[in-house]
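Chemist: Below is one structure. I have some questions about it.
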Amino acid sequence: MLKPITYNTKELFSHKIKEIQERYVPFEGFLNQVLASSPAYVVGGFLRDAANKQESRDLDIIVGLPHHNLVSLLQKSTLHFRINRMNGVKILLDDFQVDLWSIENNWAFKSDVVKKNDDYILQSIANGCFYNYDSLVIDINSKNYRASGYNNCITKNKLDIIQRRGI
C-alpha cells in the first residue's frame, strides 16, 4: 500500500538524493552548479518512491535556468546527455536516468495549461502534472514540497486526471 507524502518524507528524500549524488559524482558536480544559480524541483516518481522506500528508475527535475544556460552547463560537464524534440534533456548515468527541463520548456507552462506563479511555484508545478498520482514536487534546496494531488490519490484510492482543463 502506498504511503502519503508527509513532513518525514523530507528526510527520506534528502537521503535518496544524496545516494544518487554519491553514486554519480559527475552528476553531483553538475547539480551543484545548477543549484548555485537556480532553484531546482524534483517532480513525480522519485519523491513518491522515497516516501514508499522503493528504488527509483529515474529522476525528473525542473530547473529555473533558461534552456540555453542548462545546455551550456551540460556541455562543460562530462555527463552523457541528449536533448529531445521538446527541449527536454536526458542525462544517462549508467543504470539511472535524469530527465531535466527548464521551466520555460515544461509542457504545462509552455502551452499555458498552467499559469506560472513565482510566489506559488511549487503549487504551479504540481498543478502541471497530468495525473494526481504524479502531482508531487519538492524544492531540492529548501525541501519545501506540495503533494496534495498525490495524497488525495492515495487517501481516496482514485487515480484522476488533473489536466482536464487549464488551471
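Coordinate-derived values only; no laboratory data. Owing to the predicted nature of the structure, the values given are computational and were not obtained by experimental measurement. Methodologically, a virtual Cβ is constructed for each residue, glycine included, from the backbone with ideal geometry; neighbour enumeration extends over all protein chains shown.
Chemist: From the phi angles alone, apply the Karplus equation (6.51, -1.76, 1.60; θ = phi - 60°) to segment 88-105 and give each ³J(HN,Hα) in whole Hz, x where the residue is Gly or Pro.
Modeler: Each residue of segment 88-105 in turn: x, 10, 10, 9, 9, 10, 6, 9, 9, 10, 10, 9, 10, 9, 7, 3, 4, 9 Hz.
Chemist: Taking Cα pairs under 8 Å and at least six residues apart, what relative contact order does segment 92-167 come out at, in percent?
Modeler: Taking the mean separation of contacting Cα pairs over the length of segment 92-167, I get 27 percent.
Chemist: Same structure, new question: Compute the FRET efficiency between GLU55 and MET86 as 1/(1 + (r/R0)^6), taking r as their Cβ-Cβ distance and R0 = 35 Å, and round to the nearest 0.05.
Modeler: After rounding to 0.05, the efficiency reads 0.85.
Chemist: Also: May I ask you to list the residues of segment 9-47 whose amide nitrogen lies under 13 Å from a point 7 Å from Cα along the Cα→beta-carbon direction of SER142?
Modeler: 39-41
Chemist: Can you bin segment 14-56 into rounded, prolate or oblate? Criterion: square roots of the alpha carbon gyration tensor eigenvalues sorted a ≥ b ≥ c, rounded for a/c under 1.5, prolate for a/b above b/c, oblate for the rest.
Modeler: Judged from the Cα gyration tensor, segment 14-56 comes out oblate (a/c at least 1.5, b/c at or above a/b).
Chemist: Tell me the relative contact order for segment 29-84 as a rounded percent, counting alpha carbon contacts under 8 Å between residues six or more apart. Write out the running numbers ahead of the final one.
Modeler: Values: 43 pairs, mean separation 21.7, N = 56.
Averaging sequence separation for qualifying contacts and normalising by length gives 39 percent for segment 29-84.
Chemist: Calculate the all-directions average of the projected area of segment 64-114's alpha-carbon convex hull, and give it in nm².
Modeler: On the way: hull surface 15.3 nm².
Across all orientations, segment 64-114 yields a mean hull projection of 3.8 nm².
Chemist: If you stretched the chain out fully between GLN97 and LEU35, how much longer would it get, using 0.36 nm times the residue separation minus the C-alpha to C-alpha distance?
Modeler: Residue separation times 0.36 nm, minus the Cα-Cα distance, leaves 20.4 nm.
Chemist: Compute the relative contact order of segment 46-120 as a whole-number percentage, counting only Cα pairs closer than 8 Å that sit 6 or more residues apart in sequence.
Modeler: On the way: 86 pairs, mean separation 22.3, N = 75.
Averaging sequence separation for qualifying contacts and normalising by length gives 30 percent for segment 46-120.
Chemist: Determine the alpha carbon to alpha carbon distance for each of LYS10/LYS156; LYS90/LYS158; LYS10/LYS76 and list only those over 26 Å.
Modeler: Too far apart for the 26 Å limit: LYS90/LYS158; LYS10/LYS76.
Chemist: Whole-Hz ³J(HN,Hα) for each residue in segment 58-65, computed from phi via Karplus 6.51 cos²θ - 1.76 cosθ + 1.60 with θ = phi - 60°, x for glycine and proline: what do you get?
Modeler: The phi angles translate into 7, 9, 10, 10, 10, 10, x, 5 Hz.
Chemist: Given axes a ≥ b ≥ c from the Cα gyration tensor, I'd like to know whether segment 1-82 is rounded (a/c under 1.5), prolate (a/b larger than b/c) or oblate.
Modeler: prolate
Chemist: Among rounded, prolate and oblate, which fits the chain when a ≥ b ≥ c are the square roots of the eigenvalues of its C-alpha gyration tensor, a/c under 1.5 means rounded, and a/b larger than b/c means prolate? If you can, show how the numbers build up before the last one.
Modeler: Values: a/c = 1.79, a/b = 1.23, b/c = 1.45.
Oblate.
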